[in-house]
1. Given 0.36 nm per residue, what is the gain on full extension from residue 153 to residue 360 after removing their alpha carbon distance, in nm?
2. What angle do you read, to the nearest 10 degrees and between 0 and 90, between the alpha-carbon axis of helix 26-38 and the longest principal axis of the chain?
3. So how tilted is helix 376-412 from the main axis of the chain? Cα-based, degrees 0 to 90, rounded to 10.
4. Show that you can apply the helix-only estimate: for the chain, add -39,500 (n - 2.57) for every DSSP H stretch of four or more residues, divide by all residues, and state [θ] at 222 nm to the nearest 500.
5. For the chain, set up a GNM with springs between Cα atoms under 10 Å and report which of 296, 142, 275 has the largest fluctuation.
6. Using only C-alpha positions, report the orientation-averaged shadow area of the convex hull of segment 235-378, nm², one decimal.
7. What number does segment 377-418 give for Rg over Rh if you use C-alpha atoms and the Kirkwood radius?
8. Extension gain residue 334-residue 139, at 0.36 nm per residue separation less the Cα-Cα distance, in nm?
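Values in this text are rule-based calculations from the coordinates and carry no lab data. Predicted model only: the values in this text are computed from it and were never measured. A quick note on method: Cβ atoms are made from the backbone with ideal geometry, for glycine too, and the neighbour counts reach across all protein chains shown.
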């Protein structure tokens, strides 16, 4: 195959041109090929598609084998390969190559060619990005991230593509490539529906230790509320939201350092990257344990009741904490908004017990058998049953001990005439 300026010149075997030139010498063929190559700029420009590649860049950059002859490695050739199909499917489908790359219209490409920054078109996103942790890493050993690290170079997805399942998976994979331990668990309900940027903000991503983070304690309700509107509206007004707003805790590390006495946020109850769907089999017990982290006394008493024991055994029918108190609009029982207010408690219990009536709702859900003022009959029954239990154990334990003593005494007595003790 003839070469021209170091390039292989491919002439199809079924063209009239070759049929007419079969008698030519090899030198004549090279001259003919050279003439064709010299005429290429105008001919290629005429053949280049006018929609995606008016400059005809894909004629070279669409052929990895051609590029391989001018770069050191195959990986470099693949990096420079940009097909029309890639551009046609990208967010930049309406842009020409020269919109971003200027000064590359001649071959070989001049050294003064330039590639425009994404900022030239995306000014608003660039301003937000400059505020985030990716532009200014907290550690000096880390390099700042660039737009192409997340969006790619040429196969840039459109906003609609970023919102579908494939786009979400692709963007999350980009995040996990750096944040290796923060991938969503397979059972997480967000794994197929929410991208990392959906919770952490796409461009002005802040660190978890910053008060301006989208997942900071005071920001979580608004962040989660993008999808969970009803919960977001109720949380700031209830007992948990009020406690959080007055706590003065503005960062996740500050919240964690307080421990169980801290006011809860969305992630306190639901978790972060290892979240369970509310209908998951293990979610009920997990949520009760979450409440127990703060309400330890109430949880201990709850697990002493029928509801609590059935829940601990894995029942999904009996009432758990949120069935009685609510999940997000939680108020003190003295508040008219509370599900356990005296005017609403029958309605609350009737969701499971249709025959609920005033006498029924007098049931003590968190009984303290050692408090006679809270429940006198329960206190007396507790004392009586434990007295009976320990009394029986003491009497029969003493009886058994004395019986063993008698056996030992009998064994030590001399047997008369070798007879047996009757």
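1. 67.8 nm
2. Result, in degrees: 70.
3. With both axes taken from Cα atoms, the answer is about 70 degrees.
4. Result for the chain: -12500 deg cm²/dmol, rounded to the nearest 500.
5. 142
6. For the Cα atoms of segment 235-378, the hull's average projected area reads 9.9 nm².
7. Rg divided by Rh gives 1.44.
8. Contour length minus Cα-Cα distance gives 65.2 nm.
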